[in-house]
Amino acid sequence: MINLYDKDKLRKRLESKRIITHFGCWLYISGSRSKSGHGRISVNGHGYYASRLAMYVYNDFNLGSSLNILHIRECPDSRCFNPEHLYEGTQSDNRKDSAAVGTAKNQNSIKDKCDYGHELLENNLMIIIDKHKNIHRRCRICHRKQVREAAQRLRKRRVKYKDAK
């Protein structure tokens, strides 16, 4: 675990940069913030997200970990760093949470038409979960067309193969 300095000093520093809302969120109110609104604090010349430092101070999170610090679904405010509203997770967990609460920034998740102009309504929208449990949205009309074209290519290859014998 990276040892920044005394956790009590870091705890006081974090608590001096917050306001507590009636929902229990600790909103980061001073200092710099990232483009997404997450509080950023410099410690020993290195910048950290306030939520990551809060997990380090209050929950003994290993700052060297490759895991992300995520917000519970009931607290989507990126400024919040209340450790009771945070948990450790992967980037995949983060994408799934974002999709579930409707805050996904993926350009495809907000499209209402496919690249060929077909509307992505319930009867024309396929939700596919791949082997890595990632969620994909597909146009059913385009998917059927691609399957038909692939089958035609396969039939042509078979005919050429039979003719070659």
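Assorted remarks:
- Any hit, the stretch 39-54, residues being assigned to a loop (DSSP other than H, G, I, E, B) and under 23 Å from the mean Cα position of the chain (by Cα): no
Rundown of residues vs (1) over 18 Å from Arg13 (Cα atoms); (2) not assigned by TED's automatic domain parsing to the domain that holds Phe23, yes/no style:
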{"site": "Lys35", "(1), (2)": "yes, no"}
{"site": "Gly39", "(1), (2)": "no, no"}
{"site": "Ser42", "(1), (2)": "no, no"}
{"site": "Asp77", "(1), (2)": "yes, no"}
{"site": "Asp93", "(1), (2)": "yes, no"}
{"site": "Asp112", "(1), (2)": "yes, yes"}
{"site": "Leu125", "(1), (2)": "yes, yes"}
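- Among (1) in contact (Cβ under 8 Å) with a residue 12 or more places away in the chain; (2) surrounded by 10 or more Cβ atoms within 10 Å (Cβ to Cβ) - the single one Ile128 does not satisfy: (1)
- Entry remark, the stretch 72-86: residues being free of Cβ contacts under 8 Å to residues at least 40 places away in the same chain and either surrounded by fewer than 17 Cβ atoms within 10 Å (Cβ to Cβ) or part of a helix (DSSP H, G or I) (or both) number 5 in total.
- Residue within the stretch 1-14 that is modelled with pLDDT of 90 or more and under 27 Å from Lys96 (Cβ atoms) present: no
The values are calculated or read from the model by the stated rules, or taken from the named source; none is laboratory data. Just so it is clear, the structure is predicted and the values come from calculations on it, not from any experiment. Glycine also receives a Cβ, built like all others from the backbone with ideal geometry; neighbour counts cover every protein chain displayed.
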